[in-house]
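Single-structure report; data block below.
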């Protein structure tokens, strides 16, 4: 009898632990979505000190890693987690959860509350991202992005660079040097939000439906692209 009770208790504790983990993972993922929306609103609200209109308008995908320092990117093994969305024929894709780890980057230790924004600028970068594991190198694939209302015509960001990177601290954006980092799918957050595993390519290609918790993020990404397009037309 005691043995049966012990087995049942262990099973209940295991089930409760799994439920608690899933609930915590979902809360964390939803909070990350909400923080990413705030970062995108900051992109739209800082035209003179933010990401240039031409860059936003030409981006194939947008990745946001909010609260990078608080997430332990420097002090916790160089690792952060964020959200991505890519342009499709039907609009911007449902949010895909990403993990960014390793590499070296140009922020100084001591800077607090830093957000990372990464923009995939061409088809080569898009295909690398869709491969589910993308290592950023300094050989043309990644570069610090230009800042200001308009990008300089003399730069080669549109033709050659796969990914432009930015940091945001205290409301101000700056180009960020980030090399050697690996971008891949965050499987735990994907399961927490979608209820099952969905492949990176499946989500970013526009085949997944946007969950309710991700609607504000996709809307913010779409508004950022539309605002850049309208500003360019004006």
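What the table shows:
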| quantity | calculated |
| --- | --- |
| Some residue of the stretch 13-21 being surrounded by 11 or more Cβ atoms within 10 Å (Cβ to Cβ), at pLDDT 70 or above and out of contact with any helix residue (DSSP H, G or I) (no Cβ under 7 Å at 6 or more places or on another chain) | no |
| Selection within the stretch 195-209 - more than 21 Å from residue 125 (Cβ to Cβ) and either surrounded by fewer than 18 Cβ atoms within 10 Å (Cβ to Cβ) or at pLDDT below 85 (or both) | 195, 196, 197, 209 |
| Candidate set: the stretch 190-206, residues that are in a loop (DSSP other than H, G, I, E, B) and out of contact with any helix residue (DSSP H, G or I) (no Cβ under 8 Å at 6 or more places or on another chain); chosen: the one farthest from residue 131 (Cα to Cα) | 195 |
| Of all residues making up the stretch 171-189, the number that are in contact with a helix residue (DSSP H, G or I) (Cβ under 8 Å, 6 or more places away or on another chain) and not in a strand (DSSP E or B) | 3 |
| Selection within the stretch 207-219 - within 17 Å of residue 60 (Cα to Cα) and assigned to a helix (DSSP H, G or I) | 217, 218, 219 |
| Residue that is modelled with the lowest pLDDT, among those in the stretch 150-169 that are closer than 18 Å to residue 36 by Cβ and out of contact with any helix residue (DSSP H, G or I) (no Cβ under 8 Å at 6 or more places or on another chain) | 169 |
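The values are calculated or read from the model by the stated rules, or taken from the named source; none is laboratory data. None of the values given here were measured: they were computed from a predicted structure. Glycine gets a Cβ as well: all are built from the backbone with ideal geometry, and neighbour counts include every protein chain shown.
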